[in-house]
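Q: Shown below is the structure under consideration.
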Amino acid sequence: MHLTHVAMAAAVTVSVAGVSYQALDPAELVAHARVVANQASCRTVDTAIVAYVALNDAQPESIDDLAGYVKGDITAYSVAGGVATGPGC
């Protein structure tokens with residue numbers, strides 16, 4: 001193998017690695033992961049409803065009643081018939 005072949009293979013490898021890193025955009029992936037992690041799941045909201053009922057002996061009337069029981073964004077959910085309704089429910 002000639003030295004020019006080694007140099008060309010190295011250049012191609014480095015450029016592919018650079019393009020792959022740029023395509024992944026780690027900062028954007030981290031930002032998206034944080035948004036997803038901050039959103040509550042349906043199961044979390046159902047658990048908050050159980051806790052609310054246990055402490056108040058009444059069902060929550062709105063999702064706002066559960067704000068103190070859940071960490072994260074629960075604005076996409078609502079309470080209907082004592083259970084959570086919304087994404088993934």
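The values are calculated or read from the model by the stated rules, or taken from the named source; none is laboratory data. From a predicted model like this one, the values you see are computed outputs, not experimental measurements. When we count neighbours, we look across all protein chains shown, and the Cβ atoms used for this are built from the backbone with ideal geometry, even at glycine.
Q: Going through the stretch 53-78 one residue at a time, which ones are under 13 Å from Gln39 (Cα atoms) and of a type in the set (S, T, N, Q)?
A: Thr75
Q: Which residue pairs have Cβ atoms under 8 Å apart, sit 6 or more places apart or on different chains, and have a first residue in the stretch 70-89 that is closer than 16 Å to Ala51 by Cα and a second that is of a type in the set (Phe, Trp, Tyr)?
A: So the pair list comes out as Ala84/Tyr77.
Q: Now for a separate question. If you take the residues in the stretch 79-89 that are surrounded by 11 or more Cβ atoms within 10 Å (Cβ to Cβ) and of a type outside the set (A, V, I, L, M, F, W, C), which one is farthest from Arg34 (Cα to Cα)?
A: Among them, the one singled out is Gly82.
Conditions tested, residue by residue: (1) among the β-branched types (Val, Ile, Thr); (2) assigned to a helix (DSSP H, G or I); (3) more than 15 Å from Pro87 (Cα to Cα); (4) modelled with pLDDT under 85.
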| residue | (1), (2), (3), (4) |
| --- | --- |
| Val16 | yes, yes, yes, yes |
| Ala31 | no, yes, yes, yes |
| Val36 | yes, yes, no, yes |
| Ala54 | no, yes, yes, no |
| Pro60 | no, no, yes, no |
